[in-house]
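Student: This is the structure I want to talk about, given as structure tokens.
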Amino acid sequence: QNVNTDVVIVGAGGAGLAAAVEAHDLGAKVIVVEKMAFPGGNTTRAAGGLNAAATPLQQAKGIYDTPEIMFFDTMKGGHWKNNPELVRVLANHAKDSVDWLLALGGDFHDVGLMAGATKPRTHRPTGGNLVGPEVVRTLYTAAENRKVDIRVNTKAEEILKNAKGAATGIKVKGPEGEYVINAKAVVIAAGGFGANNEMVAHYVPRLKGFSTTNQPGATGDGMIMAEKAGAKLIDMTEIQTHPTVVPGNGEMITEAVRGNGAILVNHEGKRFYNELETRDNVSAAILKQTDKNAFLFFDSDMQKSLKATNNYIKQSYTVTGNSLDEIAAKMKVPAAALKQTMTEYAAAVAAKNDKQFGRADLPRPLNKAPFYAIIVTPAVHHCMGGIKIDTKTQVYGQNGQIIPGLFAAGEVTGGVHGGNRLGGNAQADIVTFGHIAGQQAYIYTRLNK
Ligand code: ADP
């Protein structure tokens, strides 16, 4: 029951689906294997947007932005640990990724600001719909329309190589049992290891026992398999925690809540940090508070501005009060302290100057009842490290040489995000580098006959 194909792709998240559609459109025969019952991976859970600079949508809205500014923001956000060549590709080509998704029928017609970016460049669906499901819908529909062979419940177990050290396919286990998919090129797009706490704690012991926002299939298989096949892994200790996750169930509260105006308040009823700082800094600040968590606090104005909050209310993540006294009682924080915090914050908004914490964007004074609060804590969210690739998504071996026929894209790779990933850059990463991987894998199959 072994099969032959041009390109085999491990993982049907955003990166794998992008690679599949592109390789197919260039003329390759493609098989995608996905170990879970559904495609989508962690990509489906992405709530923010897709960062891209100098897009027609930005221009139509009068937003001045360039790849150079996106490059700078990404490098700065990543503590300058990113591979600058990969970031250059990301910043230059993210715009083409948006164009491509639009051409495939996706809705990315809204643009907004996310933490760590100096320009509104995160592209997302209209009407407050979430970006990840739209990326998956767009690419999966495209793959289905093209009749790409996507095999769910099929887990890749091993990357196969020939005597010359080139990748020649994978061994998989599917509903039919174990078999081999022989391929002229192999693309690893199996995502990260956020849901494998043993692996997380192996690289970063202080994260032992952390909850996660990741889907259960994010167990690092791609990195483990690639390393066994001789690939080099880099930046494995760079693991991002999402700052605002509902304790216990790992449900992520989108950063747009803070972007649209919510503040963070601790159990003493006080603000304690610039809410729009980078994710790792906000996470560290929350972990320093009583009970290692804090409240996202907002008013009805902010609530109405963001569709995602309807869902939080429906899921009962929020406590609500018609006055500051009422909500303080429900939050079990001192009412006097909360009232003082809100008076000071409204004054900072009016003065357009947050002297205390230096928050740059102060959209609203948060003084319209009813008020809302959601308790949040950081959880493991994104693995910045992974397989070392070059700008063509070719995989580096531990000996420093390229492994012929082996490509990798998306969260399974390291280097794009350095020490910290900016919100909106994962979608840019997976679509851009997934697309490149599809292209390069195709070219390899044609040149390497
Ligand atoms: P990215 O954002 O980089 O595309 P995702 O997490 O969205 O990453 O997608 C990765 C996909 O790879 C997930 O759907 C995951 O279930 C799948 N996957 C992980 N390990 C394997 C494996 N061993 N075999 C097949 N699919 C895998």
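Student: Of the numbered conditions (1) open to solvent by 70 Å² or more (accessible area, probe 1.4 Å); (2) away from the ligand (no atom under 13 Å from the Cβ), residue 173 fails exactly one; give the number of that condition.
Tutor: (2)
Student: Consider residue 72 carefully, then state whether it is of a type in the set (Phe, Trp, Tyr), touching a strand residue (DSSP E or B) at 6+ places or on another chain (Cβ under 9 Å), over 20 Å from residue 393 (Cα atoms) and more than 14 Å from the ligand (Cβ to nearest atom). Reasoning before the result, please.
Tutor: Numbers: of a type in the set (Phe, Trp, Tyr): yes; touching a strand residue (DSSP E or B) at 6+ places or on another chain (Cβ under 9 Å): no; over 20 Å from residue 393 (Cα atoms): yes; more than 14 Å from the ligand (Cβ to nearest atom): yes.
Spelling it out, it is not the case that residue 72 is of a type in the set (Phe, Trp, Tyr), touching a strand residue (DSSP E or B) at 6+ places or on another chain (Cβ under 9 Å), over 20 Å from residue 393 (Cα atoms) and more than 14 Å from the ligand (Cβ to nearest atom).
Student: Suppose the filter is closer than 28 Å to residue 37 by Cβ, touching a Lys or Arg at 6+ places or on another chain (Cβ under 8 Å), of a type in the set (A, V, I, L, M) and surrounded by fewer than 22 Cβ atoms within 10 Å (Cβ to Cβ); does residue 201 pass it? Walk me through how you get there before you give the answer.
Tutor: Details: closer than 28 Å to residue 37 by Cβ: yes; touching a Lys or Arg at 6+ places or on another chain (Cβ under 8 Å): yes; of a type in the set (A, V, I, L, M): yes; surrounded by fewer than 22 Cβ atoms within 10 Å (Cβ to Cβ): yes.
The answer is yes for residue 201.
Student: While we're looking at this one, here's another question. Residue 215 - would you say it is part of a strand (DSSP E or B), touching a Ser or Thr at 6+ places or on another chain (Cβ under 9 Å) and within 15 Å of the ligand (Cβ to nearest atom)?
Tutor: Values: part of a strand (DSSP E or B): no; touching a Ser or Thr at 6+ places or on another chain (Cβ under 9 Å): yes; within 15 Å of the ligand (Cβ to nearest atom): yes.
In short, no.
Student: Quick check on this structure: which one of 119, 184 is more than 16 Å from the ligand (Cβ to nearest atom), in contact (Cβ under 8 Å) with a residue 24 or more places away in the chain and not in a loop (DSSP other than H, G, I, E, B)?
Tutor: Values: 119 fails: not in a loop (DSSP other than H, G, I, E, B).
So the residue among 119, 184 that is more than 16 Å from the ligand (Cβ to nearest atom), in contact (Cβ under 8 Å) with a residue 24 or more places away in the chain and not in a loop (DSSP other than H, G, I, E, B) is 184.
Student: Return the pair list, or none, for Cβ contacts closer than 8 Å from residues in segment 34-52 that are among the hydroxyl-bearing types (Ser, Thr, Tyr) to residues that are open to solvent by 20 Å² or more (accessible area, probe 1.4 Å) and near the ligand (Cβ under 8 Å from one of its atoms), at least 6 apart or on different chains.
Tutor: 44/215
Student: Exactly one of these conditions fails for residue 147: (1) closer than 24 Å to residue 439 by Cα; (2) out of contact with any strand residue (DSSP E or B) (no Cβ under 6 Å at 6 or more places or on another chain); (3) touching a residue at least 60 places away in the same chain (Cβ under 8 Å); (4) open to solvent by 50 Å² or more (accessible area, probe 1.4 Å). Give me its number.
Tutor: (3)
Student: So, one more: Checking residue 135 against (1) open to solvent by 20 Å² or more (accessible area, probe 1.4 Å); (2) at pLDDT 95 or above; (3) of a type in the set (Val, Ile, Thr): exactly one of these is not met. Which one?
Tutor: Looking at each condition in turn, residue 135 falls short on (1).
The values are calculated or read from the model by the stated rules, or taken from the named source; none is laboratory data. In this text, all values refer to a predicted model and were calculated from it rather than measured experimentally. Backbone-built Cβ (ideal geometry, glycine too); neighbour counts: all protein chains shown. To get the accessible areas, we keep the full protein, side chains included, count just its heavy atoms, and leave off ligands, DNA and RNA. Shrake-Rupley method; radii C 1.70, N 1.55, O 1.52, S 1.80 Å.
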